[in-house]
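What follows is a single structure, written as structure tokens, with notes after it.
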Amino acid sequence: MKRLLAVMVCLLVVAASPALAQDKSKGKAPSEAQKKQQERMAACNKQAGAKKGEERKKFMSGCLKSQGTAAGPAPSAAQKAQQDKMGDCNKQANLKNMKGEERKTFMSSCLKS
């Protein structure tokens, strides 16, 4: 009889846990930012398809950061040009093995030209 009583108490605790958890979350609706993030997660998850492990992790990270998906607007032409210029200047600085203040000065002058 004690064993039956113990089993019944355990079942009640397990059955009541989800109900209590639902009551706490009912009052809060997700914010607009949370909704957009959830939509972005869903879109990226769908695009990830059958990728697994590290490959999926890298894909999801890149997808969630990207602006060119359904999750956000693509960069403007001016932004794209600036990104390209920055990439070129960065490559030049890398080829010259520049570091520290020298690199900072070079990047500044390269981006201004």
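The label point for Met41 and the one for Phe106, both projected 7 Å from the Cα toward the Cβ, are 4.3 nm apart. Taking amide H atoms as placed 1.01 Å from N in the peptide plane, the amide H of Lys51 has no partner under 5 Å among residues 5 or more positions away or on other chains.
Each value in this text was obtained by applying a stated rule to the coordinates, not by laboratory testing. None of these values were measured; they are calculated from a predicted model. All Cβ positions, even for glycine, are placed from backbone atoms using ideal geometry, and neighbour counts span all protein chains on display.
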